[in-house]
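Each value in this text was obtained by applying a stated rule to the coordinates, not by laboratory testing. Note that the structure is predicted; figures quoted are calculated from it, not measured. Quick reminder, even Gly has a Cβ in these numbers, built from the backbone with ideal geometry, and neighbours come from all protein chains shown.
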């Protein structure tokens, strides 16, 4: 959980039992909520968009709530099927489209519908810059006549960016795309900003939007991370896996894949730290969401996470299908920079990241 007193914007993971009553003033700072798992009495709060993600949280008996919080007066709106809530600079939005079954063409059409409505909401509201987007796609890895459903999703996503006049390289948002069970809806939620956002790429990896054709006819449209640099800088790291260059490494070794994923996240935190003055990002101060392909691997993954980021770090674990069949784990992260107190600390940072 992020320290509320030090961060004007951030995320918290709470079980249903840890949530304040819906009448509590605590909720005034909620920008939006994603619920993972089943809740027999699902949270409903007027004026706050709550989206239900059909993934099962691990290490939780029922539902886990991801709560994005920010400062300042809030307003709400709706554009088509997109619901959103925003403060002066940031917007949380979400859209859910019921699964129509049938062939993959329905997924492609639904993805284009969702993104078209998202871009319309951003244009009409004035929060034009997508910062981070979460895509939860039913049966993401299942084969189709022309490849697999993830390819169709990527095709539709890129086509939607192009149709809206947006770049499909360099300035694209941080993102993830995970698979949900058959029959689940397509669920997308996102954060957008009124100002400029810095996007980051990992020097250890080929940019996803430059992937070769073996991963599908159209490349995934996302950056490795996004950085909001004003104030206490906030870093949002995309779903990150055991990939070097563009290839999966450490086949069938979930512990090694987890370590490699964290090395990739460390490369992004180092790059982000270099871009800030008197601030740095530390692995132990980030909040993590870990997607696990096989629940039986959870103890190994937890062990590596605790060894690397510490037992006090905020980590949520989810059972999910990952877009490549040879990937066993995927990790995303978000966190605020820590301010360096003196020149000695700044010199140490320069040595560590230079």
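For the reader, a short list of remarks on this structure follows.
- Length-normalised contact order for the chain - Cα pairs under 8 Å, 6+ apart - percent: 16
- An ellipsoid equivalent to the range 4-108, defined through the eigenvalues of its Cα gyration tensor, has semi-axes of 25, 19, 12 Å when rounded to whole angstrom and sorted largest first.
- Centroid-to-centroid separation of the range 268-338 and the range 128-194 [C-alpha atoms, Å]: 21
- Protection proxy ranking for 259-266, 117-124, 221-228, using the average of other Cβ atoms within 10 Å per residue and placing the highest first: 221-228, 259-266, 117-124.
- Normalising the Debye intensity of the range 45-96 to I(0), with uniform scatterers on Cα atoms only, and taking log10 at q = 0.14 Å⁻¹ returns -0.44.
- Entry note, the range 242-338: relative contact order of 38 percent, from Cα contacts under 8 Å with a spacing of 6+ residues.
- Tensor-based shape of the range 229-343 (alpha-carbon gyration tensor, a/c under 1.5 rounded, otherwise prolate or oblate): prolate
- Label-point separation, residue 249 to residue 213 (7 Å along Cα→Cβ), nm: 2.8
- Here each label is just a point 7 Å from Cα along the line to Cβ, and for residue 303 and residue 144 those points are 4.0 nm apart.
- Shape analysis of the chain places it in the rounded category; the axes a ≥ b ≥ c from the Cα gyration tensor give an a/c below 1.5.
- Note on residue 294 and residue 88: with the Förster distance fixed at 35 Å, the Cβ-Cβ geometry gives a FRET efficiency of about 0.20.
- Extension gain, residue 100-residue 163: 0.36 nm per intervening residue step, less the Cα-Cα distance, totals 20.3 nm.
- The chain: antiparallel DSSP beta bridges as a percent of all, rounded to 5: 75
- DSSP beta bridge pairing in the range 1-158, given as percent antiparallel to the nearest 5: 85
- Each stretch of four or more DSSP H residues adds -39500 (n - 2.57); spread over every residue of the chain, this sum gives -7500 deg cm²/dmol at 222 nm.
- Whether the range 139-230 is rounded, prolate or oblate, judged on the alpha carbon gyration tensor where a/c under 1.5 counts as rounded: prolate
- Straightening the chain between residue 81 and residue 196 buys 38.8 nm, computed as 0.36 nm per residue apart minus the Cα-Cα spacing.
- Packing order of peptides 306-313, 79-86, highest average first: 79-86, 306-313 (average count of other Cβ atoms within 10 Å over each peptide's residues).
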